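Working notes, structure below.
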Amino acid sequence: MSKRPISDYNEFQKIIGQAQNIVALTGAGVSAESGIPVFRGAGGLWRTHRATDLATPTAFKANPALVWEFYHYRREVAFSCQPNNAHKALAKYEKLCKEQGRQFWVITQNVDGLHKRAGSENILELHGCLEKVICTKCRHIDVNRESPICEALRGRGDPAKADETLPIIPLNELPKCSKCKGLVRPYIVWFGENLDPDVLDKSRDLVETCDLCLVIGTSSVVYPAAMFAPMVAERGKPVAEFNLNEDPFDDGFCFHFSGPCGTTLPKALGVDLQ
Ligand code: BV8
Ligand code: ZN
């Protein structure tokens, strides 16, 4: 019977101090203290729509204007937020590892770009990124941080406003490709869509070779991301979970630090962010 995960910071610091290949898996909880709504619970709703319903190719096909309004709202929120101490602690620890010739990678489910803005460099964005668009016709990918991304979306996206009260945005006024003027969509992996094979392969390699895995602010319900930490535990390597929840997600993990990760992570990584 595996012993229950412990929350001993000293014991954890001994382990991470000896680790050579570290992976940090992150979810919406790592950006919660920056003001970005999480997916589960109240945060998972935009107007009357579940985020998981709008984040699908079916929804975009049926109503691209509504899905673009949803992602316009997500972009504006992400662009107006700042990285928090959890993001900063991970970026600072990566730099420390680089100086010491150790490997440190962030594998994130988040599309808000806050890890990058905090200074992390070794990042794999499993589910894409709000700052990029891809053309539905020529597949050209563009980085686009314009706000709003097109005139027709200016002032739109407010979660408090019901769809019916707003005029539908015509297709030809939605964001266009800089190459072929075709309709672009957010460069986001939607439910039912495959992840970018290079990102998936690189993530699998890291998960299969790391000697320590941190799991931070995720409910671990979405696959394939949800199977990564259990894969590390199955190899008998230490997994440390950081989550608001009291109860550990998986008894196979060695450590569980409950509370806001903007507090627990800097403490566990022993980094001073002043
Ligand atoms: C795929 C982009 C091939 C969109 C996202 C196997 C079994 C069952 C189902 C499947 C399976 N394999 C595939 C599926 C289908 C599906 C899936 O997993 N469905 C789930 C719902 C069961 N997976 C897919 O479709 C994937 N594609 O597998 O392709 C295929 C296709 C079809 C069928 C088979 C195979 C693609 C999945 C990617 C979808 N896109 N995001 C967008 O952002 O708009 S997923 C999205 O939801 C996020 O990126 C993230 O991954 C997930 C949300 O989870 P979390 O980030 O964990 O957030 P959540 O709110 O749930 O939890 C927050 C946690 O933080 C909580 O625990 C909370 O306690 C904690 N917390 C809160 N505040 C704090 C905190 N912790 C610390 N500090 C705090 N302050
Ligand atoms: Zn195009």
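One table, with the values for the structure above:
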quantity: Evaluation of K92 against (1) farther than 23 Å from E121 by Cα; (2) modelled with pLDDT of 95 or more; (3) surrounded by 17 or more Cβ atoms within 10 Å (Cβ to Cβ) (one fails), failing number; calculated: (1)
quantity: Neighbours by Cβ (under 6 Å, 6+ apart or cross-chain): first from region 159-172, over 25 Å from I36 (Cα atoms); second modelled with pLDDT of 85 or more and in a helix (DSSP H, G or I); calculated: I168/A65; I169/A65; I169/A152
quantity: Every residue from region 153-181 that is assigned to a loop (DSSP other than H, G, I, E, B), under 28 Å from the mean Cα position of the chain (by Cα) and of a type outside the set (A, V, I, L, M, F, W, C); calculated: R154, G155, R156, G157, D158, P159, K161, P175, S178
quantity: Filtered residues of region 186-218 (kept if in a helix (DSSP H, G or I), surrounded by fewer than 16 Cβ atoms within 10 Å (Cβ to Cβ) and among the polar types (S, T, N, Q)); calculated: T209
quantity: Residues within region 130-152 that are in contact with a helix residue (DSSP H, G or I) (Cβ under 8 Å, 6 or more places away or on another chain) and either more than 16 Å from ligand 1 (Cβ to nearest atom) or in a loop (DSSP other than H, G, I, E, B) (or both), tallied; calculated: 7
quantity: Condition met for K237 (of a type in the set (K, R) and more than 29 Å from T56 (Cβ to Cβ)); calculated: yes
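The values are calculated or read from the model by the stated rules, or taken from the named source; none is laboratory data. Being a predicted model, the structure only gives us computed values, none of them experimental. Positions of Cβ are generated from backbone atoms using ideal geometry, with glycine treated the same way; all protein chains shown enter the neighbour counts.
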